[in-house]
Amino acid sequence: MNVFNIVIAGVGGQGVLMASKVLAESALKSGMDVKQNEVHGMAQRGGSVISFVRIGDKVSSPVVMPGTADILISFEPLEALRYLHYLKPGGKVVYSRVTINPSTVASGLALYPADVEAQIKAKCSNSHAIEALSIAHEAGNAKAVNMVMVGSVMKSLPLESGVIEGVVAELSQGKGVDVNLKALRGGAAAA
Amino acid sequence: MKKIISGNEAIALSFGDSGGVFASGYPGTPSTETLEEVARLGEVYCEWAPNEKVALESAIGASIAGGRSLSTMKHVGVNVAADALMTLTYTGVNAGLILMVADDPGMHSSQNEQDSRNYAKFAKVPMLDPADSQEAYDFVRAGFEISEQFDTPVMLRTTTRISHAKGVVEQTAKIQPKVGEWVRNVPKYVMLPNFGKIKHVEVEARLLKLQEFAESSPLNRVEMGDKALGIITSGVSYQHVKEAYPNASVLKLGLVHPLPMNKIREFAGSVKRLMIVEEMDAIFEEQIRAAGVRVDIGKDRISLCGEVSADIVRAAAGDAVAKSAAPVEGLPQRPPTFCPGCAHRGLFSILSKLKAFVSGDIGCYTLGALPPMSAMHSTICMGASISAAHGMAKVNEIAGRTEKPVAVIGDSTFFHSGITGLLSMAYNKSNALVIIMDNRTTGMTGGQENPGSGRVLQGEPAGQVNIKDLVKVLGVEHVVEINTYDLAATEAAIKKGLETPGPYVLIDKNPCILRYRVKKPTIAVNQDTCTGCRACLKAACVALGLTASGDKPKVRIDPNICNGCGVCSQLCKFDAMSEA
Ligand SMILES: Cc1ncc(C[n+]2csc(CCOP(=O)(O)OP(=O)(O)O)c2C)c(N)n1
Ligand code: SF4
Ligand code: SF4
């Protein structure tokens, strides 16, 4: 198999790294080569976060080039639009509909564009919006948005859903196992 | 068993597997997780030092006492440790010593973009440059062997994309740590001029031997492919090269100093076009050109600034890259900002209001330089807030200006290199105000312990420096505690500090809310009283937002994000905010 490129975008603190880890571990369990990379540091304080997961027979660079991503998973609409150019022609974007104000908007220095979703639709014919926050709430924890989002793309990945579920169960602790699995399945059902 | 781990985790794992005995470092992105992982693995003694110089010197002591040692830091940390490094290269080691340095090309979270390979050249020490997590693991083992075989410290250099990228790693058989003899050898370890002169000659001879070693070592390997294009590269650039040209001929350098010039010459002679792909400085290229080897593509086509990528490599060689849509322009930026509830927010909203000149430092509080606060006017390096403010104060005095500069520094940075600056202020009688934000953690790098946090790296309890007492002992008479959540009181305290002649220190002791998971009751906005004046937005908090309702948008607070610090409500002139 050639390399399958996944880009995960979001806001610091949303659990982008955990989602990346789930996908990377699932690929390893499936006998594939994996490189996963995100830039942390300043991103933690509510900044924009982008993470790459590359899976396949043999993966060299840890970085996804613009125009080559098979799938973009975004935990926030504005971040989906910001990184949309990473998609290859025909690539798919799945995003959570709940908006989070950037600090520039919160402090009145900029406006959150009203037409973000319309812009995404206009630029990408393969776009899917997910009500991730309400699904996470139903699963029992608003913080499980990241698992909802992983669930929502599960069927589009070259990975078995069962393997992903196994990894989520392994990486979650205590009560989190149930919540995360519920969130994952809720996301899958909504896709 | 195969694991998927980051370069930093791989170095930590290998340190334990390679007979490591002692590790000391200072946090700094992207190096920080290395020592945290050594601590998590729990096999080898490790510690946070107050700064990189202390960390390296401690590792030197450990080596002299017979234990394989590791010192970790980010690129700029080597500047701090350089004094030790430049003479350590003369003394050499007893047990193996590795200095791990993590560079940050692209400046994802750094104040500059220096290339640590310069230090290997400068200090005349071997440097290893791993290209993925597996090599990061393997090169620790190789590093200790080289260190002991050649009696030299070894630099292990990573970059952000090696330190933080995760890849598959397989462990090798564990070497049991054993502590060797604690040697006494005056001519080797006492660098008086007479001994130093002898040692310098040895250093030059060692470099020649290392060069010979580099020629035959499997650390430097040729992957012969299509001979139309030959590429010399190392580190993560190798991965970008493989991505761009899977079939090209490649000379992959693992030992990047000293260079195997014969091997390079031979490789260059066997390919039609020679390209050098290196991030940041033209270290390879300058040496290779100086050796009289023709280079066809190098820094003339690849920038000295920022990271390399597969696209950059292809474009440099004159080939097409995958077309991508242009990024959407004009979107609101999403820069990092103080966490909701952070104690720095109150301080900077007052400093912004008072329009004081703020001599800043490096930590989360540096974000106070960004709009709308815009309340920091210089930030150079760790500790410079206080010493630079001192210089400003002296020139102000000479010029007859009465305005006092305000230095803002965090606890970790104060311990790192602020204490000596304050000592100078007290000693040389500075007319400056210093504000120490003692949140009892090293916040910016993810919340590491420090000598004031009351815990060591492993989490066990430790003594806790009382900064107020320390400041007094240094000779500062006026030391006052403040609470930056109380804006009016903070403003009054700062004004008093600015009006009182001489050195004056204010200390805020509110804990970092992210590190200590502080959760306060949220604040809500009464939509009937809110006039939409936007005064509260100056708090620059992501929990705040304008929502259109009627003719004028009013402010709402997202209860999922707010952490109840009350800064925005104190900025409100209409009493529209209260506990939800
Ligand atoms: C010489 C050097 N070492 C390490 C770093 C990385 N670094 C940036 S800020 C920081 C410490 C911040 O801690 P503190 O001063 O307590 O402020 P806080 O972030 O908690 O507000 C560190 C270690 C650096 N920039 N320079
Ligand atoms: S991590 Fe701590 S110090 Fe840094 S912005 Fe957040 S609360 Fe403030
Ligand atoms: S919304 Fe106001 S009270 Fe809540 S964290 Fe932000 S500034 Fe503090």
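The values are calculated or read from the model by the stated rules, or taken from the named source; none is laboratory data. Keep in mind that what you see is a predicted model, and the values were worked out from it rather than measured. Every residue, glycine as well, gets a Cβ built from its backbone with ideal geometry; the counts of neighbours run over all protein chains shown. Each accessible area value is taken on the protein alone, full model and side chains, heavy atoms only, with ligands, DNA and RNA left out. Shrake-Rupley method; radii C 1.70, N 1.55, O 1.52, S 1.80 Å.
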#### Entry: Unique residue being in contact (Cβ under 8 Å) with a residue 40 or more places away in the chain and within 11 Å of chain B (Cβ to nearest Cβ) when the list is A:Arg54, A:Arg45
A:Arg54
### Task
Report whether or not B:Ser430 is away from ligand 1 (no atom under 16 Å from the Cβ), in the same structural domain as B:Pro501 (by TED's automatic domain parsing), crowded, with 24+ Cβ neighbours inside 10 Å and part of a loop (DSSP other than H, G, I, E, B).
yes
### Summary
The residue from B:Gly410, B:Gly446 that alone is crowded, with 23+ Cβ neighbours inside 10 Å and within 16 Å of ligand 2 (Cβ to nearest atom) is B:Gly410
### Summary
B:Glu279 fails exactly one of (1) within 16 Å of ligand 3 (Cβ to nearest atom); (2) modelled with pLDDT of 95 or more, namely (1)
### Task
State the number of residues belonging to the stretch B:551-569 that are more than 6 Å from ligand 3 (Cβ to nearest atom) and in contact with a Cys (Cβ under 7 Å, 6 or more places away or on another chain).
2
### Query
Failed condition for B:Leu331, given (1) within 14 Å of chain A (Cβ to nearest Cβ); (2) open to solvent by 30 Å² or more (accessible area, probe 1.4 Å), with all others met?
(2)
### Message
Out of B:Leu546, B:Leu506, B:Leu514, I need the residue that is within 16 Å of ligand 1 (Cβ to nearest atom) and either open to solvent by 30 Å² or more (accessible area, probe 1.4 Å) or modelled with pLDDT under 95 (or both). Which one?
### Response
B:Leu514
### Subset of the stretch B:311-328 [open to solvent by 10 Å² or more (accessible area, probe 1.4 Å) and either at the interface with chain A (Cβ under 10 Å from one of its Cβ atoms) or not in a loop (DSSP other than H, G, I, E, B) (or both)]
B:Asp311, B:Ile312, B:Arg314, B:Ala315, B:Val321, B:Ala322, B:Lys323, B:Ser324, B:Ala325, B:Ala326, B:Pro327, B:Val328
#### Entry: Residue ID - least open to solvent (accessible area, probe 1.4 Å), chosen from residues in the stretch B:459-474 that are charged (D, E, K, R) and in a helix (DSSP H, G or I)
B:Lys468
### Message
Among the numbered criteria (1) assigned to a loop (DSSP other than H, G, I, E, B); (2) within 9 Å of chain B (Cβ to nearest Cβ); (3) not β-branched (Val, Ile, Thr), which one does A:Gln14 miss?
### Response
(2)
#### Entry: Residue that is nearest to the other protein chains (Cβ to nearest Cβ) [pool: residues in the stretch B:555-580 that are open to solvent by 40 Å² or more (accessible area, probe 1.4 Å) and in contact with a strand residue (DSSP E or B) (Cβ under 8 Å, 6 or more places away or on another chain)]
B:Asp558
### Task
Take the stretch A:78-123 and flag every residue that is open to solvent by less than 40 Å² (accessible area, probe 1.4 Å), more than 9 Å from every other protein chain (Cβ to nearest Cβ) and touching a Ser or Thr at 6+ places or on another chain (Cβ under 6 Å).
A:Ala80, A:Val93, A:Val94, A:Tyr95, A:Ile120
### Query
Mind checking whether some residue in the stretch B:69-78 is in the same structural domain as B:Val125 (by TED's automatic domain parsing), open to solvent by 10 Å² or more (accessible area, probe 1.4 Å) and more than 25 Å from B:Arg455 (Cα to Cα)?
yes
### Task
Collect the residues in the stretch B:475-503 that are part of a loop (DSSP other than H, G, I, E, B) and either open to solvent by 20 Å² or more (accessible area, probe 1.4 Å) or closer than 25 Å to B:Asn396 by Cα (or both), keeping them in residue-number order.
B:Gly475, B:Val476, B:Glu477, B:Asn483, B:Tyr485, B:Asp486, B:Thr500, B:Pro501, B:Gly502, B:Pro503
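Tell me, which residue of the stretch B:521-543 that is more than 8 Å from chain A (Cβ to nearest Cβ), assigned to a loop (DSSP other than H, G, I, E, B) and open to solvent by less than 60 Å² (accessible area, probe 1.4 Å) is nearest to B:Gly346 (Cα to Cα)?
Once the filter is applied, the top-ranked residue is B:Thr522.
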### Query
Can you tell me which residues in the stretch B:372-395 are open to solvent by 20 Å² or more (accessible area, probe 1.4 Å), more than 16 Å from ligand 3 (Cβ to nearest atom), out of contact with any strand residue (DSSP E or B) (no Cβ under 6 Å at 6 or more places or on another chain) and of a type outside the set (A, V, I, L, M)?
B:Ser374, B:Thr379, B:Cys381, B:Ser387, B:His390, B:Gly391, B:Lys394
### Query
Yes or no: B:Ala524 closer than 22 Å to A:Leu133 by Cα, free of Cβ contacts under 8 Å to residues at least 60 places away in the same chain and within 12 Å of ligand 3 (Cβ to nearest atom)?
yes
### Query
Does the stretch B:338-372 hold any residues that are more than 8 Å from ligand 2 (Cβ to nearest atom), part of a loop (DSSP other than H, G, I, E, B) and not aromatic (Phe, Trp, Tyr), and which are they?
B:Pro340, B:Lys355, B:Ala356, B:Gly360, B:Asp361, B:Ile362, B:Leu370, B:Pro371, B:Pro372
### Task
Considering only the stretch B:177-259, give the strands (runs of 3 or more DSSP E) lying wholly within it that have at least 2 residues that are within 22 Å of B:Val140 (Cα to Cα) and either open to solvent by less than 20 Å² (accessible area, probe 1.4 Å) or of a type in the set (A, V, I, L, M) (or both).
B:226-234, B:248-253, B:255-257
### Query
Checking B:Cys342 against (1) within 16 Å of ligand 3 (Cβ to nearest atom); (2) among the hydrophobic types (A, V, I, L, M, F, W, C); (3) farther than 30 Å from B:Val408 by Cβ, which single condition isn't satisfied?
(3)
### Message
Which pairs turn up if I take residues in the stretch B:169-180 that are polar (S, T, N, Q) and look for partners that are assigned to a loop (DSSP other than H, G, I, E, B) with beta carbon separation below 8 Å, at least 6 apart in sequence or on another chain?
### Response
B:Gln171/B:Met1; B:Gln176/B:Gly19
